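These notes concern the structure reproduced below.
Throughout, read-outs are computed from the coordinates displayed, never taken from laboratory work. Bear in mind the structure is a predicted one, so any value in this text is a computation, not a measurement. Glycine also receives a Cβ, built like all others from the backbone with ideal geometry; neighbour counts cover every protein chain displayed.
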Amino acid sequence: MKRLALLAIGAALVGTSLFQPAATAHQQAAAATTATVWEDNFDGPAGQAPDPAKWRYDIGGGGWGNSELEYYTNSTRNSALDGNGNLVITARKESGGFNCWYGPCQYTSARLLTAQTFTQTYGRFEARIKIPRGQGLWPAFWMLGGTNWPNDGEIDIMENIGKEPATVHGTIHGPGYSGANGIGAAYNHPNGWSFADDFHTFAVDWAPDSITWSVDGVQYERRTPADLNGNTWVFNHPFFMIMNVAVGGGWPGNPDGTTVMPQTMTVDYVRVSTLGSTGGTGSQITGLAGKCLDVAGANSADGTPVQLYDCNGTNAQKWTRPGDGTIRALGKCLDVNAASVADGAKVQLWTCNGTGAQQWTYSSAHDLVNPPANKCLDVTGNNSANATPTQLWTCSGAANQKWIV
């Protein structure tokens, strides 16, 4: 959540960020996941508090640096299981009972965090959430790297403000790019519907030099150190997770006569997984006729063709996906020649350089897609013979574009 000042543990909050326009989406986030390292499916009887071994609370009504109106509690009136495998965070209108920065509190809500129970460096952080609706509501799923904000960093996985029902935001904050200078992008519902109408899966894939945002498997934003205008990339140490529903504040504005209370944010699960192929020795990528993606002649020279070949276990067929959108073998990157977006463009091995020509996303349909071209890695001519070169081609769903990573 964007905030104006550091208040309590996990309470770094800033005003509006400089969001980019809604980004062009590409299917599937940058990296496959391997092992689940932390998970909460919120199983338990209705009315039970969330697991204290996983979640703790921020409590108070000091405005949280943004003139918010709610008082965060640890009461099951504001956060409890529903008996159907969900956590429900409830924002309520109140008539006294707590004191806030502006006088008797008008609202209560909950803010849960893992600062004392779980932190993690890198991986996929995701949650399936049905957000609340209404003017003045501000649901968020986000992460902090410590209490020294913004130097410790902040990753906003999902934020929504009620006056923008069909839009969610993803943002990073750090030294020199916090508050109004936070770096982020918006994602609009593809059908223009309110995100409060149904559950959606919000995720980031966080690697050593990149963070990639997705909604329902659709990648819409990727940030690297190159985006920071020379400022420090601080996303290289453990972060903890936070979920909350704020009410009012500078960015969303306050509730008005149209706002119906109470409002709920329903969370199906929260999960943290490791990203696939984060280095190590690599693994095969198999395609047409069960053959392997192969560097011709095991030659690591720039421009060496990448081809189809019988699987043989050599290093020429051992590919890694470090989570930054690249696919690597022999210390170099899978690359589209000259960053071409044309059908038939040669796919080759090349020194890793951070360009779009070396970006690949793996879809649920088993396509390897180059996002700048929005085209697929393709076995030329649908020919399964050894040494058939690969190329870039318009995605067609054909067998020569299907890969097992």
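With θ taken as phi - 60° and the Karplus curve 6.51 cos²θ - 1.76 cosθ + 1.60 applied, the whole-hertz 3J(HN,Hα) list for region 382-396 is 6, 9, 8, 5, 4, 6, 5, x, 9, 8, 9, 8, 3, 5, 10 Hz, x standing for glycine and proline. Relative contact order for the chain using alpha-carbon pairs under 8 Å, separation at least 6, rounded to a whole percent? Reported as a whole number, the value is 19 percent. Highest mobility in the GNM of the chain, judged by mean-square fluctuation with C-alpha springs under 10 Å and restricted to MET261, MET158, MET143, is found for MET261.
Each Cα pair of region 72-132 feeds into the Kirkwood radius, which the Stokes-Einstein equation turns, at 25 °C and 0.890 mPa s, into a diffusion coefficient of 176 µm²/s. Given in Å, the Rg to one decimal and the Dmax to the nearest whole number for the Cα atoms of region 210-308 are 22.7, 70. Semi-axes of the equivalent ellipsoid for the chain, computed as √(5λ) from the eigenvalues of its C-alpha gyration tensor and ordered from largest down, come to 44, 20, 19 Å.
With one equal scatterer per alpha carbon and no solvent term, the Debye-computed log10 I(q)/I(0) for region 122-225 at 0.10, 0.17 1/Å reads -0.26, -0.76. Considering only VAL260, VAL336, VAL379, the mean-square fluctuation computed in a Gaussian network model of the chain, springs between alpha carbons under 10 angstrom, is largest for VAL260. Within straight-line reach of LYS93, meaning a Cα separation under 30 Å, sit the following lysines at least 8 residues removed in sequence or on another chain: LYS2, LYS54, LYS130, LYS163.
Look at the alpha carbon pairs under 8 Å that are at least 6 residues apart: their mean separation over the length of region 230-342 gives a relative contact order of 20 percent.
Can you bin region 293-405 into rounded, prolate or oblate? Criterion: square roots of the alpha carbon gyration tensor eigenvalues sorted a ≥ b ≥ c, rounded for a/c under 1.5, prolate for a/b above b/c, oblate for the rest. Rounded shape, in that the Cα axes give a/c under 1.5. The listed peptides 134-142, 39-47, ordered by packing as a protection proxy, come out as 134-142, 39-47 (highest mean of other Cβ atoms within 10 Å first).
Modelled label positions at SER194 and ASP256, each set 7 Å beyond Cα in the direction of Cβ, lie 1.5 nm from each other. Distance between the pseudo-spin-label points of ASP310 and ALA385 (7 Å out from Cα toward the beta carbon): 1.6 nm.
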